[in-house]
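Here's the structure, in structure tokens; my notes come after.
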Amino acid sequence: MGRSSIRRHRILALSLAAAVGTLAFASSPVFATPEDGDGTAAGPAAVQGTAVHDVAAGESYTKFIVEFKETTANATPNGRANAWGKAAKSQGVKVQELRTLATGGTLIEADRALSGQAAEDFMAEIAASGSVDYVEPDARMTVALTPNDPRYGEQWDFTGTNGMRVPGAWDVATGTGVTVAVIDTGITAHPDLDANVLPGYDFVSDATAARDGNGRDANAQDQGDWYAAGECGQSTAGNSSWHGTHVAGTVAAVTGNATGVAGVAPNAKVVPVRVLAKCGGSLSDIADAIIWSAGGTVPGIPANANPATVINMSLGGSGACGSTYQAAINSAVSRGATVVVAAGNSNQNASGFRPANCNSVVSVAASNPSGSLSYYSNYGTTVDLTAPGGDVRVAGGGILSTINTGTSTPGSAGYASYQGTSMAAPHVAGLAALMKSKSSTLTPAQVESTLKQGTRAMPGGCTTGCGTGLSDATKTMGLLGGATPPPSGNLLLNPGFESGAASWTSDHADTFETGTNARTGSGFAGLNGWGQATSYMLDQTFAVPSTVATASLSFYLKVQSDETTSSAAYDTLRVQAVSNGVTTTLATYSNLNESAGYLQKPLDLSAYKGKSVTLRFLGVEDSSLGTYFYVDDTAVTTS
């Protein structure tokens, strides 16, 4: 295309878009937008600058989590006790300090339960002491499923018309080398799982609920979560769910068994982490488990010898995300773990349920065999994507996986069909494991972005909010280069834009183009070129290994301009690196760099060893005479 046609090219594209207004153009990934500042429906109230998190209607609490300010007075237990002294007296309770959480918070316990206004007043008075940064109840979380014991149907969720299209993904990767932490009820022995299970940990601190008599220990065996009538807020008795075993089977059941099922990532390893027992589990235990699973330090607990790069949490409860949950998730994500969570089974907006409403998680809704949102599934803008969760009201419509047959304590190994967002989440966690097996340097942000780009439209439609659509494992793995490995050592995904916007984000849909202006193949990125004031941003995030000696960026650039000056840079393309909140411009090109063809541009990234980096191309055009920046065949390599 000649210089004089730059503006005509862009204006023609704009005119076509206006003429066919219903045409869907390729767009950059859509991220869930947090509500009320922390991604929740009801955020924390401010009391003298301190976050005080809401109590749930009808819930009572004996334990609370307090984050103390770092002061001399708070350095000792007696000093910290001053923060709750007045509050305890006002509520007529005795309070003791139990332990320090991995998040840095302190767990305290009252000698009787507080609910409603009493719990709110107790926390408000602690906040009013001025000694703490936040205080919240140690809320209880439960599993997110509806069980159905009889086994029927096969794995439509993998191979069915409205399933996740898993077999095609196995042509690319099977999960080898990846560890998935299943934070749940623990696990029971099962021939379809045992070969893929690594040592886990039991974080249930309540020995009575845990049924093991000793609270926290290195045995992640599921002891059963059965309860009698009148317990756990239920009027009728309930059998043990073996929920963690079912979830783990969906993630990584082994293949080759004549009567067994297959996991989404059959060669991945599972670290079972027990946090749920009789009547659910506590926020304080779950927070510690999240951090431990990703390789973080938990006071008094041995280090995890097999840190996970994917964490599945098929659990939840109502309410705001809260400071403790978010701090634990942030810790795991900072260590490179992708956190996949169930959206919840209340047929309500997921923004009111945690951890689905926390930031930096992949929140998964559930679909049924018709390809529609399951009747029980939560929904809304907090949902990132949807995966098969089943519908046991339809013959063969549940999610078949591994369980134990015991009604209370463990019995023998078996199989059953369940339904729930609990079942949907491990499908996506397993897919994330396949992705990490294929491209180990993927960051949690890249995993999330690619998962969402790898969806297809809900076959049965969705009007309430199913995220970017139904997860498609084959399509997702194709975005990582399919069965053909990416260029040797290239840390960038979709480096030549042959898959359009995949793995890249841009603030303009028309950045991603195809045609004869590509250097190789048919895809390229085109920035600006309008002949009016415009700004284009094109990003991809990656991690530079800490063990390398050097890191280099190279890309091919072609510049076409209508500018006539030979001395003034009116239109510019900045190449930037964003890391730890700092943006550094590595090079600047402009209309003065006009070229007849593509020229390779090498830049040094060695300063970013051991860091997560967002590569950014920032094109800025003035109010007249356009400049069109073509970018193709990008690469970040190390030595």
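The values are calculated or read from the model by the stated rules, or taken from the named source; none is laboratory data. Everything numeric here is computed off the predicted structure, so don't read it as measured data. Ideal geometry is used to build each Cβ from the backbone, glycine not excepted, and the neighbour counts take in all protein chains shown.
Given the criteria surrounded by fewer than 20 Cβ atoms within 10 Å (Cβ to Cβ) and touching a helix residue (DSSP H, G or I) at 6+ places or on another chain (Cβ under 6 Å), does A549 qualify?
no
Out of everything in the stretch 45-57 that is farther than 14 Å from S323 by Cα and at pLDDT 70 or above, what residue ends up being farthest from the chain's Cα centre (by Cα)?
A57
Quick check on this structure: which one of S401, S367, S374 is more than 22 Å from S323 (Cβ to Cβ), buried (at least 24 other Cβ atoms within 10 Å of the Cβ), of a type in the set (G, A, S) and free of Cβ contacts under 8 Å to residues at least 60 places away in the same chain?
From the options S401, S367, S374, the qualifying one is S374.
How many residues, within the stretch 630-639, are assigned to a strand (DSSP E or B) and either in contact with a His (Cβ under 8 Å, 6 or more places away or on another chain) or of a type outside the set (A, V, I, L, M) (or both)?
The number of residues fulfilling the criteria is 6.
Is it true that some residue in the stretch 193-203 is in a helix (DSSP H, G or I), out of contact with any Asp or Glu (no Cβ under 8 Å at 6 or more places or on another chain), at negative phi and surrounded by fewer than 18 Cβ atoms within 10 Å (Cβ to Cβ)?
yes
Can you tell me which residues in the stretch 108-153 are acidic (D, E) and at pLDDT below 80?
D149
When you go through (1) out of contact with any Cys (no Cβ under 7 Å at 6 or more places or on another chain); (2) among the hydrophobic types (A, V, I, L, M, F, W, C); (3) buried (at least 21 other Cβ atoms within 10 Å of the Cβ); (4) modelled with pLDDT of 90 or more one by one for W504, which number turns out not to apply?
(4)
Residues checked against (1) in the same structural domain as F158 (by TED's automatic domain parsing); (2) touching a helix residue (DSSP H, G or I) at 6+ places or on another chain (Cβ under 6 Å):
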residue	(1), (2)
T464	yes, no
A509	no, no
G529	no, yes
L538	no, yes
T541	no, yes
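What number of residues within the stretch 311-334 are part of a loop (DSSP other than H, G, I, E, B) and modelled with pLDDT of 95 or more?
1
Looking only at residues that are touching an Asp or Glu at 6+ places or on another chain (Cβ under 8 Å), polar (S, T, N, Q) and buried (at least 17 other Cβ atoms within 10 Å of the Cβ) in the stretch 552-611, which one is farthest from T443 (Cα to Cα)?
S561
For the stretch 590-629, give me each residue that is under 36 Å from the mean Cα position of the chain (by Cα), under 14 Å from S554 (Cα atoms) and not in a loop (DSSP other than H, G, I, E, B).
Q600, K601, P602, L603, D604, S606, L615, R616, F617, listed by residue number.
List every residue pair whose Cβ atoms lie under 6 Å apart, where the two residues are 6 or more positions apart in sequence or sit on different chains, the first residue falls within the stretch 574-591 and is of a type in the set (D, E, K, R), and the second residue, located anywhere, is assigned to a strand (DSSP E or B).
Close Cβ pairs (under 6 Å, with a partner that is assigned to a strand (DSSP E or B)) amount to R574/T585; R574/T588; R574/L618.
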